[in-house]
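Here's a structure for you.
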Ligand code: 5GP
Ligand code: ZN
């Protein structure tokens with residue numbers, strides 16, 4: 001838990017948010033500023049700073065996040081139409097929140113990458 005981290009606060013219930021999915025390690029919420037009809041964020045409840053963290057080495061975190069992405073895609077009706085999973089890293093990507101998270105985006109044709 002990092003005191004000034006918005007996703008830590010959401011994950012631990014300090015900021016009230018509707019969870020699409022939550023277990024003892026990760027949660028999924030709707031993005032406050034969606035870029036598509038479905039835009040979900042999945043992140044660990046524990047503060048993991050970013051993709052290069054030593055804690056991720058050999059860990060099952062990302063596998064679990066991928067597993068949950070399909071689950072929430074199913075819940076929101078985009079499992080069969082398709083979706084994109086995105087992780088932003090650094091300023092050129094537009095990353096805003098420094099707490100590991102994946103975006104699950106879908107509900108319309110997404111075009112090509114880039
Ligand atoms: P990033 O740009 O860091 O990859 O993604 C951060 C995402 O978090 C953005 O898409 C932004 O809209 C979303 N976001 C920021 N603050 C909040 C919040 O308080 N609640 C929710 N649901 N989403 C947030
Ligand atoms: Zn955090």
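Computed from the coordinates by the stated procedures, all read-outs in this text should not be read as laboratory data. Treat the numbers as computed from the prediction; the structure is a model and nothing was measured.
As I understand it, the value is the acute angle between the Cα axis of helix 61-75 and the longest principal axis of the Cα atoms of the chain; what does it come to in degrees, rounded to 10?
Around 40 degrees separate the two axes.
When the gyration tensor of the stretch 38-104 is built from Cα positions, what are the square roots of 5 times its three eigenvalues, in whole Å, from largest to smallest? Could you put the intermediate results ahead of the total?
Details: eigenvalues 94, 44, 17 Å².
Over the Cα atoms of the stretch 38-104, the semi-axes work out to 22, 15, 9 Å.
Still on this structure, please answer the following. Per residue of the chain, what 222 nm ellipticity follows from adding -39500 (n - 2.57) for every DSSP H run with n ≥ 4, rounded to the nearest 500?
Working: 2 runs with 21 residues, N = 114.
Counting only the DSSP helices, I get -5500 deg cm²/dmol.
Would you kindly calculate the translational diffusion coefficient of the chain, applying Stokes-Einstein with the Kirkwood radius from alpha carbon pairs, for 10 °C and a viscosity of 1.306 mPa s, and quote it in µm² s⁻¹ without decimals?
109
Does the stretch 1-54 come out rounded, prolate or oblate by the C-alpha gyration tensor, with a ≥ b ≥ c the root eigenvalues, rounded set by a/c under 1.5 and, if not, prolate when a/b is larger than b/c and oblate if not?
Values: a/c = 1.67, a/b = 1.36, b/c = 1.23.
It comes out prolate by the Cα gyration axes.
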